[in-house]
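This report concerns only the one structure given below.
The values are calculated or read from the model by the stated rules, or taken from the named source; none is laboratory data. Predicted model only: the values in this text are computed from it and were never measured. Note that we place each Cβ from the backbone using ideal geometry, even for glycine, and neighbour counts take in every protein chain shown. Keep in mind that these areas ignore ligands, DNA and RNA; they rest on the heavy atoms of the full protein, side chains included. Shrake-Rupley method; radii C 1.70, N 1.55, O 1.52, S 1.80 Å.
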Amino acid sequence: MGTSVQVTPLCGVYNENPLSYLVSIDGFNFLIDCGWNDHFDPSLLQPLSRVAPTIDAVLLSHADTLHLGAVPYAMKQLGLSAPIYSTEPVYRLGLLTMYDQYLSRKQVSEFELFTLDDIDSAFQSITRLTYSQNHHLSGKGEGIVIAPHVAGHLLGGTMWKITKDGEDVIYAVDFNHRKERHLNGTVLSSFVRPAVLITDAYNALNNQPYRRQKDKEFGDIMKKTLRAGGNILLPVDTAGRVLELILMLESYWADENLNYPIYFLTYVATSTVDYVKSFLEWMSDSIAKSFEQTRENIFLLKHVKLIINKSELDNAPDGPKVVLASMASLEAGFSHDIFIEWAIDVKNLVLFTERGQFATLARMLQADPPPKAVKVIVSKRVPLVGEELIAYEEEQNRIKKEEALKASLIKEEEFKATHGADSNTSDPMVIDAGKSHVSPEVAVSRAGGYRDVLIDGFVPPSTSVAPMFPYYENTSDWDDFGEVINPDDYVINDEDMDHTSVHGGDMDGKLDEGAASLLLDTKPSKVISDERTVQVRCSLLYMDFEGRSDGRSIKNILSHVAPLKLVLVHGSAEATEHLKQHCLKFVCPHVYAPQIEETIDVTSDLCAYKVQLSEKLMSNVLFKKLGDYEIAWVDAEVGKTENGMLSLLPLSAAAPPHKSVLVGDLKLADFKQFLSSKGVQVEFSGGALRCGEYVTLRKVGDASQKASASEHLFVLQILGKLGGGSGTQQIVIEGPLCEDYYKIREYLYSQFYLL
């Protein structure tokens, strides 16, 4: 049997809930994605809570809440302690996303599911990998290799490839094959015949218009609204698809020479753009080439202004404006507040660029027809005054005294444990610690630190606990040079550092000043809320800028990849069933769509054996270099080593002849350039390469179907390039037997390695 693979969805199947899946490979448990929704509903995490302690590694694919939002809570409350892997942008931008989520909710609720410290602690355990970097696991995961690859949906977005014993398990959700302004398309099509492919059906029923048409409609509706005197609100995520929208607006404003102000408003807006400026190597090839030539960073924004609190927007000059504000769901954050203010004006526009999460205000407004009025909760944090403030301060003082008392008792217990306990209780100066009562005032004074006391003529027994007054023995170590210094005593602890440093954003302590001032504001406060009915008179429009492949493209890509087994997750029940039936008919016979906590076994049906190449055999093998690999044809017979392992041994008789094998990967566009360099007149025509006057060269799936149409046909069968998928490709040369025909065939041979 092949590598054992089991898949168990924990959240996000037959619906659009957050993504979280347990993938077990030969007993090693991967948690792939650990998402949460904008409601932060703990009930969604119940399946995860049952398996969290058994997780061996966590793989994160994208830097948004749906893919990593539950990581801090799971590590704090659910017992998740496994190492986490992601790309650098997912780590950095995911951290800022969670900060923005926390700060948005802390302003309008007593949010206690996790804190900024919990976020920092969780993200400190992330190991960052680069695209195509093979990371070999150790210990229980010995023999497993993980590698992130370009997904194309968000900056740093990842499609994970997990390899064990030569079999690939690929996790590819929310991918995009289209190249965008700041992102390259996915590389999923480069993988052929993986053992297992796990992908989503989120967009299976949607087909998108061409990008140029969509971009024109986007610009036209914005220009029309602004010229009519209206404001435009774009509810966006913190650090994901908003980056593409920012570049679109920058480009459109420059092309149309518009002067209307654009604001990007989140608690971490400036930090987000600052980090993105340093991630050019993760962006599209065109951005990298442009930077090499002009040394100009595309995220040096000329038209978009970054702001981090709503007061800056309120103080902005009157007039039409565009605001990109988080959160996209309108459940919290600045977008929620701005919508309530702007919804009543018929001139304004709320433009949604992604589908709202289920049961959110954004999803409600995207209904057809949209509601004419919605009920919303308006909350704000106000300082405590009067009796409430007095009661709060009394409670805080009581808590401090209790903590000081507890600390004092702990210190005394540690002192007793350090100095040991004698059974000598006859000394009248010995006080029974169990019967002593320490007042809070004394406890506070003791907690202040050790005090050296001069004792003349009296040494208390080792069991005494401050018989006459607080006394703690100074047990400093001395050497020939004086008192021994412990460097750790001079290290500043985190809790002694400035408050902004503790919660100062990421591990570099980087956070916007406005967000930091919110943290520094330690004045006692409370949240007050009231329910309002908002009349929706503004225009509402949804345009798909989610950056995902549409249904038609997904089907084509899956047909090309042709996995041995396919697992469908994350999508509505209708979309999942539609894609399942299509794939059963056109992609592969083994298609699964499991329910929550339903474990499916997708172990490969192939038989795999480990064999050892004997030294006698290897000494006679001649390798040929092929790119990063060395290849050779081996004739051998199977034997066993002394420890019973299978081994390949030299043949005892002469090796039988074998057909020649050509190895390589021919791209017709590259071969066209090669022929041109040799002086051959060549051009593409109808998907084939016309060489000279008489010879035509093409790749085909079944060469026999082409034979009748040519005067002479030669089929060249080539083994696929190593590392790029299995299978063969067939190349057909058609034309009369002439000098050009033989010359083209010779040039074609030169592009491959002959074994």
Query raised in the report: What FRET efficiency would be calculated for the residue pair residue 403, residue 490, taking the C-beta separation as r and a Förster radius of 25 Å, to the nearest 0.05?
Result: 0.45
**Report entry** segment 239-383: Cα Rg divided by the 2.2 N^0.38 Å rule of thumb
**Finding:** 1.17
Query raised in the report: Using θ = phi - 60° and the Karplus curve 6.51 cos²θ - 1.76 cosθ + 1.60, what whole-Hz ³J(HN,Hα) does each residue of segment 76-84 get, with Gly and Pro shown as x?
Result: 7, 10, 9, x, 6, 9, 6, x, 10
Report summary line: Share of accessible surface on carbon and sulfur in segment 1-59, whole %, 1.4 Å probe and ligands ignored, is 51
Query raised in the report: Efficiency by 1/(1 + (r/R0)^6): what FRET value for residue 395 and residue 132, r their Cβ-Cβ distance, R0 = 60 Å, to the nearest 0.05?
Result: 0.60
Query - Potential extension, residue 531-residue 637 segment - 0.36 nm per residue separation minus Cα distance - result: 30.2 nm
Report summary line: Once Lys and Arg are counted +1 and Asp and Glu -1 for all other residues with Cβ under 12 Å from that of residue 5, the total becomes -4
Requested in this report: Would you kindly find the accessible area of residue 75, with a 1.4 Å probe and non-protein molecules such as ligands, DNA and RNA excluded, rounding to the nearest 10 Å²?
Outcome: 50
Report summary line: Sorted by chain and number, the residues with a modelled amide H under 5 Å from that of residue 569, at a separation of 5 or more or across chains, are 199, 200, 201
Query raised in the report: Given C-alpha coordinates of segment 58-169, what is the ratio Rg to Rh with the Kirkwood estimate of Rh?
Result: 1.02
Requested in this report: Express in whole angstrom the spacing between the alpha-carbon centres of segment 239-268 and segment 647-698.
Outcome: 49
**Report entry** Area projected by the alpha carbon convex hull of segment 6-128, averaged over all directions, nm²
**Finding:** 7.0
Requested in this report: Please give the residues of segment 293-325, grouped as numeric ranges, whose backbone N is less than 13 Å from a label point set 7 Å along the Cα-to-Cβ vector of residue 259.
Outcome: 320
Query - Cross-link pairs beyond the 19 Å C-alpha cut-off, checked among 224/321; 106/372; 140/640; 672/699; 672/743; 214/302 - result: 106/372; 140/640; 214/302
Requested in this report: Mind checking segment 524-611 for chymotrypsin sites (Phe, Trp or Tyr not before Pro) that DSSP puts in a loop (not H, G, I, E or B) and that have at most 12 other Cβ atoms within 10 Å?
Outcome: 609
Requested in this report: Using the Karplus curve 6.51 cos²θ - 1.76 cosθ + 1.60 with θ = phi - 60°, work out ³J(HN,Hα) for each residue of segment 295-305 in order, rounded to whole Hz, and write x for Gly and Pro.
Outcome: 6, 10, 7, 5, 9, 7, 6, 9, 10, 8, 9
Query raised in the report: Under 17 Å Cα-Cα from residue 580, which lysines qualify once same-chain neighbours fewer than 8 residues away are excluded?
Result: 555, 565
Requested in this report: Starting at the first residue of segment 666-681, write each ³J(HN,Hα) from the Karplus equation 6.51 cos²θ - 1.76 cosθ + 1.60 with θ = phi - 60°, in whole Hz, x for Gly and Pro.
Outcome: 8, 10, 4, 5, 5, 5, 4, 5, 5, 5, 4, 5, 8, x, 8, 6
**Report entry** Cross-link pairs beyond the 27 Å C-alpha cut-off, checked among 305/526; 223/310; 216/310; 585/610
**Finding:** 305/526; 216/310; 585/610
Report summary line: Here the net charge surrounding residue 75, from other residues whose Cβ is less than 14 Å away from its Cβ (Lys, Arg +1; Asp, Glu -1), is -2
Query raised in the report: Which whole-number percent gives the relative contact order of segment 55-128, counting Cα pairs below 8 Å spaced six or more residues apart?
Result: 41
Query raised in the report: Which FRET efficiency value, to the nearest 0.05, is calculated for residue 109 and residue 206 with the Förster distance at 51 angstrom and r the Cβ-Cβ distance?
Result: 0.90
Report task. Could you state how much accessible area residue 262 has, in square angstrom rounded to the nearest 10, with a 1.4 Å probe and all protein chains kept in place? Result -> 0
